[in-house]
2 protein chains.
Amino acid sequence: MCDDRRMSTTGRRVGRPRAQTRPDSGLTAREELLGAAAELFTERGYAATTTRAVAERAGMRQASMYHYFGGKEDLLAALLEGTVRPSLALALGLAARHEVPAEARLWALCRADAALLSTGPHNLGALYLLPEVRADRFAAFRAVRDDLKAAYAALLAATTAGSDLAREDLAVRADLVFGLIEGVILIRRSSPGHDHEHDPAAFAAATADAALRVAGCPEHVLPKLRREGEALLAAP
Amino acid sequence: MCDDRRMSTTGRRVGRPRAQTRPDSGLTAREELLGAAAELFTERGYAATTTRAVAERAGMRQASMYHYFGGKEDLLAALLEGTVRPSLALALGLAARHEVPAEARLWALCRADAALLSTGPHNLGALYLLPEVRADRFAAFRAVRDDLKAAYAALLAATTAGSDLAREDLAVRADLVFGLIEGVILIRRSSPGHDHEHDPAAFAAATADAALRVAGCPEHVLPKLRREGEALLAAP
């Protein structure tokens, strides 16, 4: 509550309800609210952020915000789902590309997912570990994330190395590949200003290479798989 | 604040200041406070937890708690440092064992660190991503974690595959190995009740295997390195 009062005195613009994009940012009101929530949730903390602070940061009144989001949980759910839905859509598309080796498709998924988690102005993956995310309201996010993990496991099972693994070993290996990709959330947090911030594409590619190593791909086949994976992402 | 009032009405035991271990748990008052803080910070959230709630959960008055900890930040700092200090101590010991291949020493470090992060009643690694941890009070934790990461990088640089890498590639590879190990924090969160909870030692060993794959060790040398790594941990 105190935070809100402080926010009100900072002189931030308090705008009217609007459905149009803002001329200065080119963003819709919904996008501005999500951006404000992303900043405040990751910089100040979810529990410490009020909907009023989000609305003010986005330049609108709290009442106008409720036109777009039902409350703080809706903002968090939208942010969380935005970190998994694009990768799941890609994974579903890749699952049908049987003419391409599963290893190359797994590389492409890892490359795109690592890039999604390691770029953007805020480290949204850090919100995965909030205790609040265990609530029913976030069941849809958890379901999409589970589906994404299942898509990783299915691609892994279709690789040459994966097809040799026992069922329980495959499950552990899928967890480790998925954990390596989501691990970029922790790398990003611990290495602000590190080289990968200057070249996020190279870092995402190196992460995808590492994922194939965990999957059991021999080193000498990696260059070919990487080329095939890059081609998949260039023209999916 | 409301939480505190609710806590007070739950009938939890409120004890006197004491320096002795408790007969029923065998824990010191300090350990009981850390356990209570670990539970509340990870289950309810750090921002939402008061020192009073921690004291009550540990069965003592808030005033008695201040005998052991200066406040909530001290409790968090102690919990965070407890997740990295044991692994750093192990890493420093392993650094001197030049008669053992660097790969086996890296395996041992990964195995022990993954076990530390993936066992225990609470997923303390989830606290790494709190925005509060950026504050000066947690500089010591961040320094120990940086030292631990540097120890990983030094072992990696001493491996056969690592010695062939350019400096910037080595830094990225070290980040990925470290990220894979810390990634167990996210795996643990997303897979409650999963097989690795039933066999955490096997999961930690599989994670260490994966780390050596990321480090570039060929598959056929893994069994030997794992045996050497296990021997190092059995008689360090």
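Assorted remarks:
- For residue A:60, the residues whose modelled amide H falls within less than 5 Å of its own, excluding neighbours fewer than 5 places apart on the same chain, are A:15.
- Proximal charge balance of residue B:125 [Cβ under 12 Å; K/R count +1, D/E count -1]: +2
- Ellipsoid equivalent to chain A - semi-axes via the Cα gyration tensor, in Å: 38, 18, 16
- Considering only A:42, A:62, A:29, and ranking their Cα positions along the charge dipole of the stretch A:29-75 that arises from unit charges at the beta-carbon of Lys, Arg, Asp and Glu, the one farthest toward the positive end is A:62.
- Prolate/oblate/rounded label for the stretch B:25-145 (Cα gyration tensor, a/c 1.5): prolate
- Residue-count net charge about residue B:177 - beta-carbon cut-off 11 Å; Lys, Arg +1, Asp, Glu -1: +1
- Theoretical gain in end-to-end length, residue A:92 to residue A:63 [0.36 nm per residue, Cα-Cα removed]: 6.6 nm
- Radius, Kirkwood style, for the stretch B:29-75 when every pair of distinct Cα atoms is counted (Å): 10.0 Å
- FRET efficiency for residue A:235 and residue A:142, using Cβ-Cβ distance with R0 set to 30 Å, rounded to 0.05: 0.40
- Overall form of the protein assembly as shown per C-alpha gyration tensor (a/c, 1.5; a/b vs b/c): oblate
- For the residue pairs B:149/B:224; A:149/B:72; A:149/A:224, the C-alpha atoms sit more than 27 angstrom apart in A:149/B:72.
- Dipole magnitude for chain A: computed about the Cα centre from +1 point charges on Lys and Arg Cβ and -1 point charges on Asp and Glu Cβ, it is near 920 debye.
- Other-copy label distances relative to residue A:221, 7 angstrom Cα-Cβ extension, nm: 2.1
Rule-based calculations on the coordinates, nothing more; no lab input. The structure presented is a predicted model; accordingly, all values stated were derived computationally and were not measured. Because the Cβ atoms are built from the backbone with ideal geometry, glycine has one as well, and the counts that use them run over all protein chains shown.
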